[in-house]
1. Just to make sure I understand: if all protein chains stay in place, what is the order of 163, 29 by accessible area at 1.4 Å, largest first?
2. Mean residue ellipticity at 222 nm from the helices of the chain, using -39,500 (n - 2.57) per DSSP H segment of n ≥ 4 over the full residue count, to the nearest 500 deg cm²/dmol?
3. With every protein chain present, what accessible area does residue 156 have (1.4 Å probe, heavy atoms only), rounded to the nearest 10 Å²?
4. Are there any trypsin sites (Lys or Arg not before Pro) in the stretch 82-184 that are in a DSSP loop and have at most 10 other Cβ atoms within 10 Å? List them by number.
5. Please report the equivalent ellipsoid semi-axes of the stretch 85-184, computed as sqrt(5 x eigenvalue) of the Cα gyration tensor, largest first, in whole Å.
6. Could you state the accessible area per residue of the stretch 1-147 in Å², with a 1.4 Å probe and every protein chain left in place?
7. Return the whole-Å distance between the Cα centroid of the stretch 117-142 and the Cα centroid of the stretch 76-113.
8. Which percent of the accessible area of the stretch 75-126 is formed by carbon and sulfur heavy atoms (probe 1.4 angstrom)?
Amino acid sequence: GLAKPVAIYLGVWGSNVDFNEGAGVDGATIEIDWYGGLRGNIGDTALGWDVGFIYYSYPGAASSLNYDFIEAQAAFSYDFGVAAVSASVNYSPENFGDSGTAFYPKFAVDVPVAKTGLTLSGYVAKQYIDKEAVFGSPDYVEWNLSLGYSIAGFDLSLAYSDTDISPSSDANKEAVIFSVSRSF
């Protein structure tokens, strides 16, 4: 058969932020992530690849804080039909706040729940940071479990996420997250 085409993707994601617990001293109140890349399959197989970037921006933050940074990402995936697995790594030459180089390897699995339209997903990842004191946290493990559903072109997700950072604080405690996204 014919090889599957390469897809180009671009997107933007945003959220409110509060790094200073209400003090507002740094001017950062929002995070906007710009991302894009290329993805495809190797030949006519279920083995997929993805290369791209993410630019994290914090409009309003003092430029001297060096909050903005860029990551490159690369991933491989394989769809077994009953489940899809992926392995990826993100790399930043100069992470958030001039905290040095950063690596973020991640392993994920997506399992469609038969005849329901639901997808059960999970991942485990580890954030490695060169200058941990500047970053404000030592290297840490992160994990996430989620349930997704697509309806009328929208992707809905309910997720539970946590880290092994101790002691827990507002910046790194477990969270339940509901999200809505749409691709076009």
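The values are calculated or read from the model by the stated rules, or taken from the named source; none is laboratory data. These numbers come from a predicted model, not from an experiment. All Cβ positions, glycine included, derive from the backbone under ideal geometry; neighbour counts span all protein chains shown. Just so you know, the surface numbers come from the protein's heavy atoms only, side chains and all, with ligands and any DNA or RNA stripped out. Shrake-Rupley method; radii C 1.70, N 1.55, O 1.52, S 1.80 Å.
1. Numbers: 163 25, 29 90 Å².
Ranking 163, 29 by accessible area, largest first, yields 29, 163.
2. Working: 1 runs with 4 residues, N = 184.
Helices in the chain give a 222 nm mean residue ellipticity of -500 deg cm²/dmol.
3. About 50 Å², ignoring ligands and nucleic acids.
4. Values: sites: 106, 115, 126, 131, 173, 182; in loops: 115, 131, 173.
Filter output for the stretch 82-184: 115.
5. Details: eigenvalues 173, 45, 34 Å².
Working through the eigenvalues yields semi-axes of 29, 15, 13 Å.
6. Details: 8690 Å² over 147 residues.
Roughly 59 Å² per residue, with all protein chains present.
7. 10 Å
8. Numbers: 2030 of 2900 Å².
Heavy-atom surface of the stretch 75-126 belonging to carbon and sulfur, 1.4 Å probe: 70 percent.
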